[in-house]
1. From the list A:28, A:46, exactly one residue is within 14 Å of chain B (Cβ to nearest Cβ), surrounded by fewer than 17 Cβ atoms within 10 Å (Cβ to Cβ) and at pLDDT below 90. Which is it?
2. Tally up the residues in segment B:447-471 that are in contact (Cβ under 8 Å) with a residue 60 or more places away in the chain, within 21 Å of residue B:368 (Cβ to Cβ) and not in a loop (DSSP other than H, G, I, E, B), please.
3. Counting just the residues of segment A:263-278 that are modelled with pLDDT of 90 or more and in contact with a helix residue (DSSP H, G or I) (Cβ under 8 Å, 6 or more places away or on another chain), which one comes out nearest to residue B:196 (Cα to Cα)?
4. Within segment B:198-223, work out how many residues are more than 11 Å from every other protein chain (Cβ to nearest Cβ), without any contact (Cβ under 8 Å) to a residue 60 or more places away in the chain and under 17 Å from residue B:300 (Cα atoms).
5. State yes or no: is residue A:136 part of a helix (DSSP H, G or I), under 15 Å from residue A:182 (Cβ atoms) and touching a helix residue (DSSP H, G or I) at 6+ places or on another chain (Cβ under 9 Å)?
6. Restricting to segment A:107-129, name every residue that is out of contact with any strand residue (DSSP E or B) (no Cβ under 7 Å at 6 or more places or on another chain) and closer than 15 Å to residue A:208 by Cβ.
7. Pairs under 6 Å by beta carbon, first residue over 10 Å from residue A:155 (Cβ atoms) in segment A:128-141, partner at pLDDT below 90 and part of a helix (DSSP H, G or I), six or more apart or different chains?
8. Any chance segment A:150-170 includes a residue that's touching a strand residue (DSSP E or B) at 6+ places or on another chain (Cβ under 7 Å) and either without any contact (Cβ under 8 Å) to a residue 12 or more places away in the chain or surrounded by fewer than 17 Cβ atoms within 10 Å (Cβ to Cβ) (or both)?
């Protein structure tokens, strides 16, 4: 089990060790719960989240956008996408979640709408596109930048579509009077709907978002800076954040340095002496 | 090569030709031979300290119960014996002392690639060594953890582990810099015509060693820093109650320290590969096989560290893999042994003192190597783990191997460096005493280990008394031999008859210059025109 080591050096050494020891390497696999099919969204007693990393969302689901138009998820998710399961009448954490995101987005050095997009999806089937549109204005304003509306869409839908989506994501919530009991989490999917990463809590770090988007875009972006970034950071499932993979970086740097040193020596070869003449 | 020999007959070479004298001519010198001698005298001094500590350990074990020291002092004694012998003598012994003296000569170079860095390495070594000695008399007293500094004990012990560990950390840098220097020297400063396959095998072994020093030593440095962090900052990295893992320390420690075993023994094998052809008057058998086996030992030897930890609770898979790799590393080692023996076959063998020590190396290293396989096999390892068998085994490899190669190198190269010769007869007598003493001491230890005597205990059960007495007697014989050897050697080096340029008929370049060599080694830069063990036309001069 990788431990939440505060010190990057320590983390590197742990990883070094993990590489070294088959036994430890075997236990390194993040322990995720793999429950059987999540219980139905409403009416279920158990609220929680079972990560479904690597699984695909059903992209043929239809939702309503802010204008009341029917949209297919497959049309909206055409690249790395952050999905926020919320309900718009929520009085506390959903606001914090979306507010936290709005606060962080300007610091994410990627272009919304093309490099990534965000979908707030209401799991309250009684909510309407008007409410969604109001939320969109509110949070786009909250970013404090001219954020393109196409980059952050707010959807509503019927119960079947909602349950299909949240069920596939392992996200379980329960209606309680006018409100909901639900996990505070969001997740990032790649273009084909594969769930790449779950992000927890109401505050976002620009680094975590950027890395999650980079990870979701992997396979398409090739050897770009983002690829390097993804190489240098790995996800710590226990701390639930990205940690700098010092071992991998240091090992690469060391091997490259030693390799280039050897290459330099081999290329330059023997030093000629003045007595040998030229 | 003979055409390029320059003659400075009657001169004292580098000893006098710089015109400088006094201690400044030594401690500020960048001449590789002087730095080599600085290392030589330093490591020899620490070796003698280590020998004294070892004799004290054996004296305590001469009879059951407390003899001369109690348990805490005994713990400190074996820790110091280990730290001094490993880090101050045997790791720098052959590469730093004889590597420095001989490597540029064998390459036909005027000096190493970075002479100032070379001097800095010696200073780092001395600073580390002095700090290690300081740790004995300051703080909570001498460390009592064993030279491996295993956690969890290394964390709570009140003895002066932090300073000792820091000292080893500094010495590590000396080792890294020497490695860097040698690698660059081999690539850049070879004489004209000196292709890689004309390099003497001592150079090949130093080259392989240097890469291990560069790549493995930093891991030791980090591991030791982590102990210091654990002790002062309480990071909990190795503390299971705080989410740490004590086993991680053992992995980190042995990731360096097993390759370090090859840092210790590879140069020794190089010495043997150089001496045997000269005294058998035959080209070495399987030059390339020996050269590449050095690289193979360096590479595979970096992947076998887990065999120190078979009883630590690793998974069976890990044990299986490490055990397999351990057996694999025996292959290149055996390649060397077989090639040395084949070189001797039908040779015109002359049993001069360097050859006697070299032949002893083969025997003792073979015994040590084979007993290593008993521990490399997981099942038998459990029986002998942490017993005197292990102590006997690594003394066979380290002392019987590297130690005897160090003595061989002393008898082979020091007359060249000093320009004076020791007497043959006392050298042979010393060799005989040491050979008998050595085997009496360490073979007995292996038997004791098989019978179940654990290592690192100051006391033992009465049934082990006889063999312990025998072992202690062996240690005395060994010490007497050592004294005879050193007295004879140094009396010869300082007062003996002049040593000619090449009395043994060596074909490598160090024998093609005057005795002692001048400051920049050769009056005219030499040109290599043939292999290092091609004795055709080489005359004893």
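1. A:28
2. So the answer is 6.
3. Here the residue is A:266.
4. Selection size over segment B:198-223: 1.
5. Spelling it out, it is not the case that residue A:136 is part of a helix (DSSP H, G or I), under 15 Å from residue A:182 (Cβ atoms) and touching a helix residue (DSSP H, G or I) at 6+ places or on another chain (Cβ under 9 Å).
6. Within segment A:107-129, A:107, A:108, A:109 qualify.
7. Filtered contacts from segment A:128-141: no entries.
8. No: segment A:150-170 contains no residue that is touching a strand residue (DSSP E or B) at 6+ places or on another chain (Cβ under 7 Å) and either without any contact (Cβ under 8 Å) to a residue 12 or more places away in the chain or surrounded by fewer than 17 Cβ atoms within 10 Å (Cβ to Cβ) (or both).
The values are calculated or read from the model by the stated rules, or taken from the named source; none is laboratory data. These numbers were taken from a predicted model, which means no experiment stands behind them. Heads up, the Cβs are rebuilt from the backbone with ideal geometry, glycines too, and the neighbour counts pull from every protein chain shown.
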